[in-house]
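The values are calculated or read from the model by the stated rules, or taken from the named source; none is laboratory data. What you see is a predicted model, and the numbers here were worked out from it, not measured in a lab. Cβ sites come from the backbone with ideal geometry, for glycine too, and all protein chains shown count toward neighbours.
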Amino acid sequence: MPLPSFRLPIRAAPSLALLALLALLAACSGTQPDKQKATRGDPDTGRQLVAQYQCGACHKIPEARGAGGEVGPTLEGFGKLSYIAGRIPNQPDRLVAWLIDPPALKPGTAMPAMGLTEQEARHIAAFLYTLE
Ligand code: HEC
């Protein structure tokens, strides 16, 4: 015998669980301004460094002139991503480490180490967290 009155709550349950999970994830990952601060870098300097190192040869980057590369993923909206390169939690220190030496975090990745100093990577990370 069908029980129509039970169907709605049961079907709603998974989406409520998903909402709770999303709220939890948002709480864990911190806001973009928090992350930006945690890099201890300067976003404007980061933008200049992105041009200087020609990240745009491989990446499409909003706000960076001439950056229309398609070898790597677009960096548009990067600040909102949960994972760097699909698997590294998008946290300030991990991003700085990624920028300095991608293959150390993800062996075999097509993104090369660009010879950045830690301070340069911090500025670039601060800039990347401005991309929404
Ligand atoms: C030779 C091409 C190349 C250059 C130059 C390059 N990248 Fe990348 N980048 C890639 C590729 C390919 C990936 C994807 C890596 C993967 O998923 O394994 C990537 C991934 C990334 C990611 C993670 C993006 C995501 O959606 O997960 C960031 C951030 C990034 N690059 C920033 C930079 C910055 C900043 C520079 C300049 C200092 C730079 N890249 C220079 C090829 C490049």
So ALA57, is it surrounded by 14 or more Cβ atoms within 10 Å (Cβ to Cβ) and farther than 14 Å from GLN32 by Cα: no
Need the failing condition index for LEU49 against (1) surrounded by 12 or more Cβ atoms within 10 Å (Cβ to Cβ); (2) modelled with pLDDT under 95, just the number. (2)
